[in-house]
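Written below as structure tokens is the structure these notes are about.
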Amino acid sequence: MSKEQDWRESLFYEQKNGYDLIDAEETKLVYAYAEGYKRFMDAARTEREAVRVSIELAEEVGFKEYIPGMALSAGDKVYLNNRGKSLILAVMGSEPLSEGAVIAGAHVDSPRLDFKQLPLYEDTEMAYFKTHYYGGIKKYQWVTIPLELHGVVALKNGDVIDVCIGQDPDDPQFVITDLLPHLAADQMKKTMSEGIKGEGLNILIGSVPYADDGKDRVKLAILSLLHDDYGITEEDFLSAELTAVPAFQSRDIGFDRSMIGAYGHDDRVCAYAELRAILDLKTPRRTAVCILADKEEIGSEGVTGMQSKAFDTFMEDICEGQGVALRRCYEKSFCLSSDVCNAFDPNYPEVSEKRNEAKINYGMGICKYTGARGKSGTSDASAEIVAYLRKLFAENNVIWQLCELGKVDQGGGGTIAKFMAERNIDTIDAGVPVLSMHAPFEVVSKLDCWMTYKGVLAAYQD
């Protein structure tokens, strides 16, 4: 090797495609991991379902429900179910919590269409549900695609009825209609954000009238079917949490099956990675904590979001069991805010700064900062934290890449990282790069999914 080549090897930083860095045996692991992830995704269409499935998987490997005040020892596995919509799991470490904890936090809510409080109406002898979209969506993407209905109806007597319609092959599905091109001349002149209005996201649910002479006969027919199947009346919609999600099963993408298409990769792809990692974890040195949070898509608000005190209460409880002040645990803790990042899309290069964007098949994406414009709304991890991850991932053969969310001044976004940092916990964003983020059908790389799991597991074990 010439001196010039030697300098290039030692001084330049060059990223490589992950498939050039792993062998055939690890490639098999990549594809096997993806099969488990697809099963999780097809069973967990909402945050409630994700929590339910995660608890089932956790209990299979010995996790027990946490009871405040229960004695915990190294290796004990516990979980806290927060109102059925968020979940905290922990594996107690061999060192006391005065040495801090290793935390991975993801969210299990995704953009969707929530039903309004009184959603059911009839117009021109067709029945509809009115919706209020949840999270950041492109409204035009949600018309003319098949939809499923998921959620719960809470009755006055305290009973809670689970609703899932459209997932079984024999179930009906639902749709929001759109104009035919022949009559859409005026619509096509509008901007993409104006072409479909929020109040126009009305779901078509039926058209056969009830056999009587009264008004709203189609609405009555639909209510009679719902009453027969679920025992509910129109008033019960007042205390319901019902939502429409895309009726797409997870599918391999590409002739080589190297990618996965699904609804809700943001952020259940990272939630599954950290869940799988803590389920596979033996007794760690420091206590490992997995957070599956709710409400991130609307600012992490509410009792099940990361701005809630539910996480602090859990951590304070287990710290008190060891006579450790919560603030002392936090100041020595480390958190991977496991949220997705955008993957560079060569169809839309104008919004990205190519040198600093995540790429498909280049591994786990690490975002030192997110935010918007002048880094507004980000925790901006320190150089020391990035150096720590460089060393950790090198020692554990984790393929990773440093990235940011688009060009400066182009846009931006946020995660739960800033809320963890507000607790005096060193935090950095880390997750899977996604194509078509927030669309009804997103795309991720199987290799990147696997490397995110390896990265979280390495952090837990360190």
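The values are calculated or read from the model by the stated rules, or taken from the named source; none is laboratory data. Keep in mind that what you see is a predicted model, and the values were worked out from it rather than measured. Glycine gets a Cβ as well: all are built from the backbone with ideal geometry, and neighbour counts include every protein chain shown. The area values use the complete protein model at the heavy-atom level, side chains included, leaving out ligands, DNA and RNA. Shrake-Rupley method; radii C 1.70, N 1.55, O 1.52, S 1.80 Å.
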Q. According to the square roots a ≥ b ≥ c of the eigenvalues of the Cα gyration tensor, what is the shape class of the chain, taking rounded for a/c under 1.5, prolate for a/b larger than b/c otherwise, and oblate for the remainder?
A. oblate
Q.
Over the chain, with the other protein chains present, what is the accessible area per residue in square angstrom, probe 1.4 angstrom?
A. 47 Å²
Q.
Strictly over 27 Å apart at the Cα level, which of K309/K454; K309/K391; K85/K139; K359/K391; K28/K359 would you flag in this model?
A. K309/K454; K309/K391
Q. Remind me, relative contact order of the range 20-150 in percent, using alpha carbon pairs under 8 angstrom and six or more residues apart?
A. 16 percent
Q: Note down the relative contact order for the range 40-86 as a percent, whole number, built from C-alpha pairs under 8 angstrom at least six residues apart.
A: 42 percent
Q: Under 16 Å from a label point 7 Å along Cα→Cβ of D171: give me every residue in the range 119-148 with its amide N that close.
A: 146-148
Q) Quick one: Karplus J couplings for the range 120-132, per residue in order, coefficients 6.51, -1.76, 1.60, θ = phi - 60°, nearest Hz, x for Gly and Pro? A) 8, 8, 10, 8, 6, 6, 10, 9, 9, 10, 8, 10, 10
Q. Rounded if a/c is under 1.5, else prolate if a/b is larger than b/c, else oblate: which is the range 333-450, with a ≥ b ≥ c the root eigenvalues of its Cα gyration tensor?
A. oblate
**Q.** Inter-label distance for E301 and D256, nm, one decimal - labels placed 7 Å from Cα along Cα-to-Cβ
**A.** 4.4 nm
Q) Which FRET efficiency value, to the nearest 0.05, is calculated for L180 and I145 with the Förster distance at 25 angstrom and r the Cβ-Cβ distance? A) 0.95
Q) In whole percent, what relative contact order does the range 236-291 give with Cα contacts below 8 Å and a gap of six or more residues? A) 20 percent
Q: Could you compute the FRET efficiency for S224 and N347, with r as their C-beta to C-beta distance and R0 at 51 Å, rounded to 0.05?
A: 0.60
Q: Would you mind telling me the antiparallel percentage of the DSSP bridges in the chain, rounded to 5?
A: 70 percent
Q: Among F441, V398, Y460, pick out the residue whose Cα is farthest towards the positive end of the charge dipole of the range 395-462, where Lys and Arg carry +1 and Asp and Glu carry -1 on C-beta, about the Cα centre.
A: F441
Q: Set the Förster radius R0 to 35 Å, insert the Cβ-Cβ distance between Y19 and E60 as r into 1/(1 + (r/R0)^6), and round the FRET efficiency to 0.05.
A: 0.65
Q: Please sort by residue number the chymotrypsin sites (Phe, Trp or Tyr not before Pro) in the range 250-354 whose DSSP state is loop and whose Cβ has at most 10 other Cβ atoms within 10 Å.
A: F255
Q: For helix 24-43, report the angle its Cα long axis makes with the longest principal axis of the Cα atoms of the chain; keep it between 0 and 90° and round to the nearest 10°.
A: 30 degrees
Q: For the range 304-357, state which trypsin sites (Lys or Arg not before Pro) are in a DSSP loop and have at most 14 other beta carbons lying within 10 Å of their beta carbon.
A: K309
(Q) Could you compute the net charge surrounding L201? Neighbours are other residues with a C-beta less than 12 Å from the C-beta of L201; K and R count +1, D and E count -1. (A) +3
